[in-house]
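Take a look at the structure below.
The values are calculated or read from the model by the stated rules, or taken from the named source; none is laboratory data. Since the structure is predicted, the reported quantities are computational estimates derived from the model, not experimental observations. Every residue, glycine as well, gets a Cβ built from its backbone with ideal geometry; the counts of neighbours run over all protein chains shown. Please note that ligands, DNA and RNA were not included when accessible areas were found on the heavy atoms of the full protein model with its side chains. Shrake-Rupley method; radii C 1.70, N 1.55, O 1.52, S 1.80 Å.
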Amino acid sequence: MANIQQRLPENVPGDFCVDATCIDYDTCSQLAPAIFRDHGEQCSVYHQPETEADTRLAMMSLVACPTGSIGTTEKHDAHIGIDAFPYQVDENVYFCGFTSESSFGAWSYLIVRPESEGGNVLIDSPRFATQLVKRIENLGGVRQMLLTHRDDIADHELFSERFDCERVMHEQDGAARLGIERIIAGEEAIRLDDDLLVIPTPGHTRGHVVFLYGDKFLFTGDHLAWSPSRETLTAFPSVAWYSWVRQTESMAKLAQYDYEWVLPGHGSLHHDTAQNMRYHLQSCIAWMKTFS
């Protein structure tokens, strides 16, 4: 929880605030954009909550913040934020909240499905918070943990131990060293089951992959996200740790698949028709080539 004495001057007066420990992971500005904004290098409150729904989103942001940089001057029931996670994105796909500083605030997701369909799937790792773990347990636990790349693994070992789940990761991101149970190799897409496909997408890291679920949900890690300012899909040249050229090439792979949701670890989520997603992807690829 934030130190009110260190509240940033960019915060508007009122109950909620962000303090000086914020390191601009943007979790709050993505989760509650009507309340928090990125003012450059850090986030702050630019509009205080006015309704119960606003307060709930602000409390969810407080809980999700990886650095504990959000605080309040008034007393609130913490469970308003805690019990909101996992938070439904669409259908049986949920945002876990409780982002981890060790994963740079990356978002992780939970697919809830019956055992007959393979059981629940965790996409990347959130913080191993007791409250979240209990909620996931009540939803059926975790059968598989799919890791997009080495940056967003957070507390994967603790989740693996708690739920005895199989972890999936590409060999080029150090999967063997991490003790991963199912190691992906090569650059060809691999089907995990009827609904889950692994698509290797080197670029951000050498072993980065994305996961396609049900030909509708694309979990993109640090490969692809939505840009609200440009109003199209985008990538991040400043963090192409392995190769921007390879990332541009691997981005083109995604044009052959249908999906309606882009669910990144970093950056904004987006929902649209499969046709429009394909258009935005082509726009993104053309833009990326200007940097190559």
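Worth a mention:
- Selection status of Gly105, in a strand (DSSP E or B), farther than 19 Å from His271 by Cα and touching a residue at least 12 places away in the same chain (Cβ under 8 Å): no
- Scanning the range 59-80 for residues that are open to solvent by less than 30 Å² (accessible area, probe 1.4 Å), of a type outside the set (Ser, Thr, Tyr) and more than 18 Å from the chain's Cα centre (by Cα) yields Met59, Ile70, Gly71.
- Checked against the criterion of being among the aromatic types (Phe, Trp, Tyr), closer than 21 Å to Ser268 by Cα, at pLDDT 95 or above and in a loop (DSSP other than H, G, I, E, B), the range 227-236 contains one or more residues that satisfy it.
- Matching residues in the range 237-261 - criterion: being in contact with a Phe, Trp or Tyr (Cβ under 7 Å, 6 or more places away or on another chain) and not in a loop (DSSP other than H, G, I, E, B): Pro237, Trp244, Trp261
- Cross-chain or 6+ apart pairs with Cβ under 6 Å, the range 215-226 first and modelled with pLDDT of 95 or more, then of a type in the set (S, T, N, Q) and open to solvent by less than 10 Å² (accessible area, probe 1.4 Å): Gly221/Thr148; His223/Thr201
- Scoring His170 on the criteria (1) surrounded by fewer than 17 Cβ atoms within 10 Å (Cβ to Cβ); (2) under 27 Å from Met251 (Cα atoms) leaves a single failure, condition (1).
- Residue match in the range 44-65 (condition: under 25 Å from Ala106 (Cβ atoms), of a type outside the set (Lys, Arg) and touching a residue at least 60 places away in the same chain (Cβ under 8 Å)): yes
- Unmet requirement for Asp195, which otherwise passes all of (1) closer than 23 Å to Phe128 by Cα; (2) touching a residue at least 60 places away in the same chain (Cβ under 8 Å): (1)
- Which numbered condition Glu171 misses (of (1) modelled with pLDDT of 95 or more; (2) under 30 Å from Ala34 (Cα atoms)): (2)
- Looking only at the range 251-292, and only at residues there that are among the aromatic types (Phe, Trp, Tyr) and surrounded by 15 or more Cβ atoms within 10 Å (Cβ to Cβ), the one that is farthest from Glu231 (Cα to Cα): Tyr257
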